[in-house]
1. Suppose we keep only residues that are among the acidic types (D, E) and either over 30 Å from H39 (Cβ atoms) or assigned to a strand (DSSP E or B) (or both) within the stretch 118-172. Which one would you say is modelled with the lowest pLDDT?
2. With V179, V106 as the choices, which residue is part of a loop (DSSP other than H, G, I, E, B), surrounded by 13 or more Cβ atoms within 10 Å (Cβ to Cβ), among the hydrophobic types (A, V, I, L, M, F, W, C) and on the phi < 0 side of the Ramachandran plot?
3. If a residue has to be in contact (Cβ under 8 Å) with a residue 12 or more places away in the chain and under 25 Å from the mean Cα position of the chain (by Cα) to count, how many in the stretch 87-102 make the cut?
4. What is the residue count in the stretch 149-173 for residues that are surrounded by fewer than 16 Cβ atoms within 10 Å (Cβ to Cβ) and touching a strand residue (DSSP E or B) at 6+ places or on another chain (Cβ under 9 Å)?
5. Among the listed residues S236, S286, which satisfies the condition of being surrounded by 13 or more Cβ atoms within 10 Å (Cβ to Cβ) and either under 25 Å from P137 (Cβ atoms) or modelled with pLDDT under 90 (or both)?
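The values are calculated or read from the model by the stated rules, or taken from the named source; none is laboratory data. Quick caveat, the model's predicted, so the values are computed rather than measured. When we count neighbours, we look across all protein chains shown, and the Cβ atoms used for this are built from the backbone with ideal geometry, even at glycine.
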Amino acid sequence: MKLKALVIGLSLSLAAVAANVTYYKDVAPVVQNRCQECHRPGEVAPMSFMTYDQVRPWAKAMKTAVLTKKMPPWSADPHYGKFSNDRSLSQAEIDTLVAWVDGGAVAGNPKDAPKPREYTEGWQIGKPDLVFELPTPIDVPASGIVDYTYVVIPTNFTEDKWVQFAEVRPDARSAVHHVLAFLRPPGNNFMKDAQPGVPYIPRRPGGEAGQRGQGNIQEQIPGEMLVGYAPGLPPSQTRPGEAKLIKAGSDIVLQLHYTPNGKAVTDRTKFGLIFAKEAPQKRVMSMMAINYFI
């Protein structure tokens with residue numbers, strides 16, 4: 001009898017704790033710091049989490065998503081290292097969200113809410129120092145397969161530039177699988193036959209003439225990557241004293257991968273750069289390992 005009473009008392013205690021967890025006091029800080037990066041107007045998530053009224057209908061789904069660790073998206077295995085940009089929730093954050101849902105997902109007192117985060121025209125990195133945009137819009141059909149498309153964008157830099165923050169922002173996000181921005185310094189032959197600003201689809205080695213542009217495999221291997229985009233992927237940023245180098249006279253080559261989804265759209269991807277305020281102590285490089293012969 002005492003054991004039964006103890007279990008009932010413990011259940012009531014847990015219920016009381018859950019009931020004391022409110023959105024404005026406990027959940028809003030988690031949503032603000034962990035969800036709104038993608039769950040806000042103009043970003044990749046299909047729903048906005050900027051207010052209690054927007055979050056409340058998704059409460060049960062959020063509980064399932066955090067318990068299964070589906071959200072926030074983070075697939076790196078913690079057994080193989082620690083990552084400075086780990087986006088996974090802490091156990092305390094998971095417990096808070098679960099307790100809030102179990103307690104009825106109550107709003108609480110709006111006065112307990114944290115100060116709203118400020119976003120600059122959709123840019124997650126803040127206002128860029130320089131923005132590049134596709135010179136020619138790319139039409140994506142409603143169906144079919146669209147080959148990887150490349151666009152060469154000259155920087156026209158007359159001096160070396162050090163980049164601390166970079167972000168790609170596709171226009172037609174519903175049809176964009178990914179965008180990769182590669183650096184092409186002077187003398188590099190990557191996509192050498194592509195005309196600046198003109199969408200270009202190269203031919204794989206052995207393909208029929210005229211089928212897919214040029215076919216020299218050495219001219220299709222990219223070098224250093226400046227920044228990339230995929231749904232949920234954060235922008236590129238380096239720590240203080242570190243930056244990526246764009247050499248004078250370099251071009252930036254965009255690789256765009258579109259996935260038709262039943263609705264024809266037009267994309268005009270752009271990307272923004274924020275330069276380091278002073279010469280860095282360390283140069284950061286992002287490279288790729290690719291096997292073209294699989």
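1. Let us first name the residues in the stretch 118-172 that are among the acidic types (D, E), namely 118, 121, 129, 133, 139, 147, 159-160, 167, 171.
If we keep only those that are either over 30 Å from H39 (Cβ atoms) or assigned to a strand (DSSP E or B) (or both) as well, we get 133, 139, 147, 159-160, 167.
Details: E133: 96, D139: 95, D147: 92, E159: 97, D160: 97, E167: 97.
Taking the candidates together, the pick is D147.
2. Working: V179 fails: part of a loop (DSSP other than H, G, I, E, B).
So the residue among V179, V106 that is part of a loop (DSSP other than H, G, I, E, B), surrounded by 13 or more Cβ atoms within 10 Å (Cβ to Cβ), among the hydrophobic types (A, V, I, L, M, F, W, C) and on the phi < 0 side of the Ramachandran plot is V106.
3. In the first step, residues of the stretch 87-102 are kept if they are in contact (Cβ under 8 Å) with a residue 12 or more places away in the chain; the result is 87-89, 93-94, 96-102.
In the following step, the residues that additionally are under 25 Å from the mean Cα position of the chain (by Cα) were identified as 87-89, 93-94, 97.
The number of residues fulfilling the criteria is 6.
4. Taking the stretch 149-173 as the starting set, the residues that turn out to be surrounded by fewer than 16 Cβ atoms within 10 Å (Cβ to Cβ) are 154, 156-160, 173.
Then drop every residue that is not touching a strand residue (DSSP E or B) at 6+ places or on another chain (Cβ under 9 Å), which leaves 154, 157, 160, 173.
Of the residues in that region, 4 qualify.
5. Working: S286 fails: either under 25 Å from P137 (Cβ atoms) or modelled with pLDDT under 90 (or both).
Going through S236, S286 in turn, just one is surrounded by 13 or more Cβ atoms within 10 Å (Cβ to Cβ) and either under 25 Å from P137 (Cβ atoms) or modelled with pLDDT under 90 (or both): S236.
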